[in-house]
1. Counting each pair of different Cα atoms once, what's the Kirkwood radius of segment 90-231 in Å, rounded to one decimal?
2. Can you give the calculated 222 nm mean residue ellipticity of the chain, where each DSSP H run of n ≥ 4 adds -39,500 (n - 2.57) and the sum is split over every residue, rounded to the nearest 500 deg cm²/dmol?
3. Equivalent ellipsoid semi-axes for the chain, as square roots of 5 times the alpha carbon gyration tensor eigenvalues: give them largest first, rounded to whole Å.
4. P(r) for segment 262-313: what percent of alpha-carbon pairs falls in each 10 Å bin, starting at zero?
5. To make sure I understand, if each residue's beta carbon is the centre and we count other beta carbons within 10 Å, what order do 217, 62, 187, 72 fall in, fewest to most?
6. Obtain the nm distance between the two label points defined at residue 31 and residue 117 by a simple spin-label model: each point lies 7 Å from its Cα along the Cα-to-C-beta direction.
7. Residues of segment 186-214 with the amide nitrogen closer than 16 Å to a label point 7 Å from the Cα of residue 266, along Cα-to-Cβ, please.
8. May I ask you to work out the translational diffusion coefficient for segment 287-338 at 25 °C, viscosity 0.890 mPa s, via Stokes-Einstein with Rh from the Kirkwood sum over Cα pairs, reported in whole µm²/s?
């Protein structure tokens, strides 16, 4: 049975969080003389001379409506990377605890582990890019606090078997973090629907991918109220700026446009896969539930360098474990995809 108190760091249990000026009153107000702001405005807009809502209430209300999740179960951060870092700082004692990652996977799990002086135990995915449950079970010990699973996975593009993830959730006494940055493109349903069933579940999502807001840096974590309270306790008081909150709120009113982009991305993905298969240097293209594809080639570095010379940037993943010879290609606009194909026709 999962008990958050058994894995929460003692100093975090005892932490008194920073109390911002806007946390110390309730109700409505029209004159704000509490936060030492510039009362005359700003050169940009009078929307920006005041500190932002530290708990992003309006954005969370809109997300609650879209996702079907109560506001109390939502955390917003400066990208999903902030949520990842806060989980380390909340639950992992530096130099003592460990987490499990399952390469090939998103690189920030390892980077955050290194920054926080936490051991990252690697359990490679299988040749089919699925979880090695036996290997994970062997890697877990009393100091294992977090397991990170990216699904759909980056850089492989596939979704992780749902039953395998549920096996971990049911049997691991720490927190299972499911990173769903690419879930909008997937045939697999989100794990957000399982929050009431698993107290040790954290689901990460983002507005950077399907919502097209990578420049705003707005990430989401969905979890039990207990876990969200801890994350809000640890985060900086104004971690999501006012411009990002206002623009995110505006974007979240355009669900139909986002759905149209998702549909077109998937259509373009299928077309690109069919076309790339005809090239002699393409050995395999792995099934994808994301807005990118992983392509196994005869000479990944040469192809990458060739495209760079023609002003086209993809990602060379050939040095990543289990991705030898592979390139990761994001699905672009029809024009960008055509340019890619036309350029590759000149590679030999």
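Readers should treat all values here as calculations from the given coordinates under stated rules, not as data from a laboratory. It should be emphasised that the depicted structure is a prediction, and the values quoted were computed from it without experimental measurement. Cβ sites come from the backbone with ideal geometry, for glycine too, and all protein chains shown count toward neighbours.
1. Values: mean 1/r = 0.0647 Å⁻¹.
Evaluated over segment 90-231, this radius sits at 15.5 Å.
2. Details: 11 runs with 115 residues, N = 348.
After summing the helix terms and dividing by residue count, I get -10000 deg cm²/dmol.
3. Square roots of five times the eigenvalues give 36, 28, 17 Å.
4. 23, 48, 28, 1
5. 187, 72, 62, 217
6. 5.0
7. 186-190, 210-211
8. 214
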